[in-house]
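Reading through the structure tokens given below for one structure.
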Amino acid sequence: MEERVSISISEGVADVRLVRADKMNALDQAMFEALVAATERLSKDKSVRAVVLSGDGRAFCAGLDMGRFAAMKEKGGNGIPGGETRDLTKRTHGQANFPQQAVWGWRQLPVPVIAAIQGVAFGGGFQLALGADMRFLTPDARMSIMEIKWGLVPDMAGTPILASLVRDDILRDLTYTGRIFSAQEAMSYGLATRICDDPRASALEVAREIAGKSPDAIRAAKRLLNNLSVDPGPALLAESVEQQKLIGSANQTEAVRSNLEKRAANYAD
């Protein structure tokens, strides 16, 4: 796990960092496994009262590793984290599948999680940020629901979380277009909590403040706030069903090939 995600705990605050800076913290199989392992470890540690999630280097997380898309282009593989034949509709972690748990696991933690975001949070990286209770962004940070670029849909627990944060028409705009939006836009949409020059430092400061409160009350508050949302189970399964049908299809493969070959796509009707 340490090759992808590092965890240090001090005075009740878990400082969790994605440490694949050379690849902009992109999500490969090892990163997925490390993220799930991190949430499992933290969920069992009663000394943890708040969590800060950040990425080393120039990006929070650039999304799915490009090697996955290259495999789709060259072999028609599905690029699913965990293996070429993984059934996304199989629930492996309660209501979630394995890739979803890399995001949903942060939502399930009994304590608040603050994501500190610099550079980009694209696709799966954006969904990872959604797993946090709060998101602190640098002024020049950029985000995107980028799955449509690759002929896919968000399938890492993003849709049930987004539905509680963003106005319906804005969510449709961002999902259908995959356009990149700024930190200022993220704030206006309800996707950013704060814009600050040093989001990690600010997040750690807030996390320490939270850690100084009654842990029983903080955990109770998170349970109450999580329960305000509708049952996420049907939405999580729907993500998986739709993505399973898209992956490896002719138009999805064409989306990948056209992007990697830097040409206009030629989709079948």
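The values are calculated or read from the model by the stated rules, or taken from the named source; none is laboratory data. These numbers were taken from a predicted model, which means no experiment stands behind them. Every residue, glycine as well, gets a Cβ built from its backbone with ideal geometry; the counts of neighbours run over all protein chains shown. SASA here: full protein model, heavy atoms, side chains in, ligands and nucleic acids out. Shrake-Rupley method; radii C 1.70, N 1.55, O 1.52, S 1.80 Å.
Looking at Val36, Val52, can you tell me which residue is assigned to a strand (DSSP E or B), crowded, with 23+ Cβ neighbours inside 10 Å and in contact (Cβ under 8 Å) with a residue 60 or more places away in the chain? Within the list Val36, Val52, the selection yields Val52.
Scoring Met72 on the criteria (1) in a loop (DSSP other than H, G, I, E, B); (2) at pLDDT below 70; (3) over 16 Å from the mean Cα position of the chain (by Cα); (4) crowded, with 20+ Cβ neighbours inside 10 Å leaves a single failure, condition (1).
Considering each residue of the range 144-155 in turn, none proves to be aliphatic (A, V, I, L, M), modelled with pLDDT of 95 or more and over 16 Å from the mean Cα position of the chain (by Cα). Flag set for Leu260, criterion: surrounded by fewer than 16 Cβ atoms within 10 Å (Cβ to Cβ) and at pLDDT below 95. Set side by side, the residues Leu191, Leu174, Leu165 differ, and just one is open to solvent by less than 20 Å² (accessible area, probe 1.4 Å), under 16 Å from Leu128 (Cα atoms) and of a type outside the set (Gly, Ala, Ser), which is Leu191. Only a single criterion out of (1) modelled with pLDDT of 95 or more; (2) within 26 Å of Ala163 (Cα to Cα) is not satisfied by Ser229, namely (1). The residues on offer are Arg167, Arg179, Arg208, Arg200, and the sole one that is modelled with pLDDT of 95 or more, within 13 Å of Ala116 (Cα to Cα) and among the charged types (D, E, K, R) is Arg200. What about Glu254, is it in a helix (DSSP H, G or I), within 20 Å of Phe60 (Cβ to Cβ) and acidic (Asp, Glu)? No. Residues of the range 152-162 that are open to solvent by 30 Å² or more (accessible area, probe 1.4 Å) and under 22 Å from Thr253 (Cβ atoms): Val153 alone. Filtering the range 227-240 down to residues that are open to solvent by less than 60 Å² (accessible area, probe 1.4 Å) and in a helix (DSSP H, G or I), which residue is farthest from Ala71 (Cα to Cα)? Checking each candidate, the answer is Gly233. Residues in the range 108-151 that are free of Cβ contacts under 8 Å to residues at least 60 places away in the same chain, surrounded by fewer than 24 Cβ atoms within 10 Å (Cβ to Cβ) and in a loop (DSSP other than H, G, I, E, B): Pro139, Asp140.
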